[in-house]
1. Taking 29 Å as the cut-off for C-alpha to C-alpha distance, list the pairs among Lys57/Lys178; Lys161/Lys184; Lys74/Lys178; Lys54/Lys74 that go past it.
2. Using R₀ = 35 Å, calculate the FRET efficiency as 1/(1 + (r/R₀)^6) where r is the Cβ-Cβ separation of Lys74 and Gln174; round to 0.05.
3. Taking N as the number of residues in the chain, what is its Cα Rg relative to 2.2 N^0.38 Å?
4. Run through every distinct alpha carbon pair of the range 102-179 and return the Kirkwood hydrodynamic radius in angstroms, one decimal place.
5. With +1 assigned to the C-beta of every Lys and Arg and -1 to the C-beta of every Asp and Glu, and no other charges, what is the dipole magnitude of the chain about the Cα centre in debye, to the nearest 20?
6. To one decimal place, what Kirkwood hydrodynamic radius in Å is obtained for the range 1-88 from all pairs of distinct Cα atoms?
7. According to the Kirkwood expression over distinct Cα-Cα pairs, how big is the hydrodynamic radius of the range 28-71, in Å?
8. Of all DSSP beta bridges located in the chain, what percent are antiparallel, nearest 5?
Amino acid sequence: MEKKTGQKYEVMKQVMDALEEILCSYQGRGHQSVYMDLDALTLLANLIMYGQMKVEKYQYEYDSDICMDEEAVKRYRELAVQTRWRVGQGTQIEPIRMNALKQFAVMGAPVYDGHIFYADTGCMLVCGEILPFQIFQLFSNRPEVKKLYIFPYPLREEKEKPAYFSFEPAEPAQEEMKKYLQEKWEKVYQAAESISRNVIPDVKGNDF
């Protein structure tokens, strides 16, 4: 029994570490970690381990000269004005985003709606960091989103193709995510009520 528990822990840790690399691969200012919220991370890892959240990996040919691709640049510039994306900064982030958009060109014209969204297929694209809790919010609050694609920063071993990943919840996963969010908001509400009652004093108009 102890051996099985240890094996389950090792598998869970592997899934959690993989999620760290996929969801929070972009370094720099504001860099986050999936380990900042262990409850949400554990739930997401469990959904994946028990097949309720389908995760697929896709390898692709990274075009290092994509800034010379007029179509890719045009698509990027059209979306940049709707997002916080920068244009012409000469960073590595622009080519990553352009490569991501190029992979999804067959899905039609994207719009920006919190993230890049392809309405015809119900797919959402994230180039950057997203935490498990935010994934739960996305799928729970946006029933039109059927599948989430994540493009990590393409760090890789030499000769290894970069990859992107898709997350697709089954109905049981949808219910678990909603339940988790409801419980979290209930705790926040209770904490706020407690603070209001016990910490913040009553203020009368003539006290000023």
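All of the numbers you see were taken from the coordinates with simple rules; none came from a lab. Fair warning: this is a prediction, and the values are worked out from it, not measured in the lab. For neighbour counting, all protein chains shown are included, and Cβ atoms are generated from backbone atoms with ideal geometry for every residue, glycine included.
1. Cα-Cα > 29 Å for Lys161/Lys184; Lys74/Lys178; Lys54/Lys74; rest within.
2. With a Förster radius of 35 Å, E is 0.45.
3. My calculation over the Cα atoms of the chain gives 1.24.
4. Evaluated on the range 102-179, it is 13.6 Å.
5. Result for the chain is approximately 180 debye, rounded to the nearest 20.
6. 16.5 Å
7. Hydrodynamic radius (Kirkwood, Cα only) of the range 28-71 equals 14.2 Å.
8. Here the antiparallel bridges make up roughly 75 percent for the chain.
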